[in-house]
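J.: Shown below is the structure under consideration.
The values are calculated or read from the model by the stated rules, or taken from the named source; none is laboratory data. Since this is a predicted model, take the numbers as computed values, not measurements. FYI the Cβ positions are ideal-geometry reconstructions off the backbone, even for glycines, and counts take in every protein chain you see. When the accessible area is computed, the model is the full protein with side chains, heavy atoms only, and any ligands, DNA or RNA have been set aside. Shrake-Rupley method; radii C 1.70, N 1.55, O 1.52, S 1.80 Å.
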Amino acid sequence: EYHAASKISGRIDGIFVEEGQDVAEGQEIAVIFSGQLDAMLAQAAAAIRKSQANLKLAELEYRRFARLLKENAVAKAEYDVVENKYLLAQEEVLTAQKEMDRLNADLQDTKIIAPIAGRIMTKIVQKGEVISAGTPLVTIVHLNEIYLKVFLPTESAGKVAVGNEAKIFPDAFSGEGVAAIVENVADKAEFTPKNVETKTQRAKLVFEVKLKVLENKDYKLKPGMPAEALIKIDPAAVWEE
């Protein structure tokens, strides 16, 4: 699961997705309105105009004093004061532009985009809601990166290694197996989770094994589907039809 979250605070001005909808990476999901940001942008634009006007005047004065200095018509100390004023005016323009660039970056952050390609599982906020920075707007599931967690007792878990082939049999599919691979075997045992049902007697302590699905064709597998799995621990073994 991935969360598309806001980096700034504001009001949800529009949200363009619904639960169950597929989205592409980089697709715009929502837009946020921030009155404070708009005011700061207007202030920054005014600061740039003012600093540019001051720079223009300072440059004219600097060039005039530079000519006068060559003609020995002005003291070097006076010229130095004007030159310093000109340099400070240049710095003010650069500072104002940097502030505008920063605010423009914040403005881009008002557009919330999908961090990955996937399916909208949960729509957390609605249009008109006021949110703070860091608030997640939607939950996206990457349907090409899904896995099944299975739990094995000690005597079985010890035979399983990372990289073993596996086949997953979801309850929703009648006998159809989905190719997978053992991605991780837990280092520590845990009590059997309450949501796990086994056909044999429940073991008190089990090891979690993570099976990564190699290909989710047509996105048939979905988060939360219960399933069983077979893990091939003998490399020479052959899958039966």
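J.: Name the single residue, out of those in the range 92-134 being among the basic types (Lys, Arg) and surrounded by fewer than 16 Cβ atoms within 10 Å (Cβ to Cβ), that is farthest from Phe33 (Cα to Cα).
T.: Residues of the range 92-134 that are among the basic types (Lys, Arg), as a first pass: 98, 102, 111, 119, 123, 127.
Of the ones still in play, those that are also surrounded by fewer than 16 Cβ atoms within 10 Å (Cβ to Cβ) are 98, 102, 111, 127.
Values: Lys98: 22, Arg102: 17, Lys111: 9, Lys127: 11 Å.
Looking at residues that are among the basic types (Lys, Arg) and surrounded by fewer than 16 Cβ atoms within 10 Å (Cβ to Cβ), I get Lys98.
J.: Let me confirm something: among Ile140, Ile120, Ile116, which residue is touching an Asp or Glu at 6+ places or on another chain (Cβ under 6 Å) and part of a strand (DSSP E or B)? I'd like the intermediate steps shown before the answer.
T.: On the way: Ile140 fails: touching an Asp or Glu at 6+ places or on another chain (Cβ under 6 Å); Ile116 fails: part of a strand (DSSP E or B).
Step by step, each of Ile140, Ile120, Ile116 is checked, and only Ile120 is touching an Asp or Glu at 6+ places or on another chain (Cβ under 6 Å) and part of a strand (DSSP E or B).
J.: Using beta carbons and a limit of 7 Å, which pairs, at least six apart or on different chains, have the first residue in the range 16-41 and touching a residue at least 60 places away in the same chain (Cβ under 8 Å) and the second one open to solvent by 60 Å² or more (accessible area, probe 1.4 Å) and basic (Lys, Arg)?
T.: Taking only residues 6 or more apart or on different chains, the pairs are Glu28/Lys111; Val31/Lys111; Ile32/Arg11; Phe33/Arg11.
J.: Checking Asn144 against (1) over 30 Å from Ile113 (Cα atoms); (2) touching a residue at least 40 places away in the same chain (Cβ under 8 Å); (3) of a type outside the set (Ser, Thr, Tyr); (4) loosely packed, with under 15 Cβ neighbours inside 10 Å: exactly one of these is not met. Which one?
T.: If we test Asn144 against (1) over 30 Å from Ile113 (Cα atoms); (2) touching a residue at least 40 places away in the same chain (Cβ under 8 Å); (3) of a type outside the set (Ser, Thr, Tyr); (4) loosely packed, with under 15 Cβ neighbours inside 10 Å, just (1) comes out false.
J.: Looking only at residues that are of a type in the set (Gly, Ala, Ser) and modelled with pLDDT under 85 in the range 173-188, which one is farthest from Trp239 (Cα to Cα)? Working first, answer last.
T.: Initially, the range 173-188 is screened for residues of a type in the set (Gly, Ala, Ser), giving 174-175, 177, 179-180, 186.
After this cut, where a residue has to be modelled with pLDDT under 85 as well, the list is 174-175.
On the way: Ser174: 17, Gly175: 14 Å.
Applying the filter and picking the extreme gives Ser174.
J.: Picking from Val82, Val23, Val74, Val17, which residue would you name as being hydrophobic (A, V, I, L, M, F, W, C), on the phi < 0 side of the Ramachandran plot and surrounded by fewer than 17 Cβ atoms within 10 Å (Cβ to Cβ)? Explain how you work it out, then say what you get.
T.: Values: Val82 fails: surrounded by fewer than 17 Cβ atoms within 10 Å (Cβ to Cβ); Val23 fails: surrounded by fewer than 17 Cβ atoms within 10 Å (Cβ to Cβ); Val17 fails: surrounded by fewer than 17 Cβ atoms within 10 Å (Cβ to Cβ).
That would be Val74, the only listed residue that is hydrophobic (A, V, I, L, M, F, W, C), on the phi < 0 side of the Ramachandran plot and surrounded by fewer than 17 Cβ atoms within 10 Å (Cβ to Cβ).
J.: Let me ask something else about it. Evaluate the following for Ala89: is it over 27 Å from Leu214 (Cα atoms) and either open to solvent by less than 40 Å² (accessible area, probe 1.4 Å) or of a type in the set (Phe, Trp, Tyr) (or both)? Lay out the reasoning, then the answer.
T.: Numbers: over 27 Å from Leu214 (Cα atoms): yes; either open to solvent by less than 40 Å² (accessible area, probe 1.4 Å) or of a type in the set (Phe, Trp, Tyr) (or both): yes.
Yes; evaluated as a whole, the condition is true for this residue.
J.: Going through the range 47-65 one residue at a time, which ones are open to solvent by less than 60 Å² (accessible area, probe 1.4 Å) and either within 9 Å of Ala89 (Cα to Cα) or under 49 Å from the mean Cα position of the chain (by Cα) (or both)? Working first, answer last.
T.: Filtering the range 47-65 for residues open to solvent by less than 60 Å² (accessible area, probe 1.4 Å) gives 47-48, 51, 53, 55, 58-59, 61-62, 65.
Those that are open to solvent by less than 60 Å² (accessible area, probe 1.4 Å) and either within 9 Å of Ala89 (Cα to Cα) or under 49 Å from the mean Cα position of the chain (by Cα) (or both): Ala47, Ile48, Ser51, Ala53, Leu55, Ala58, Glu59.
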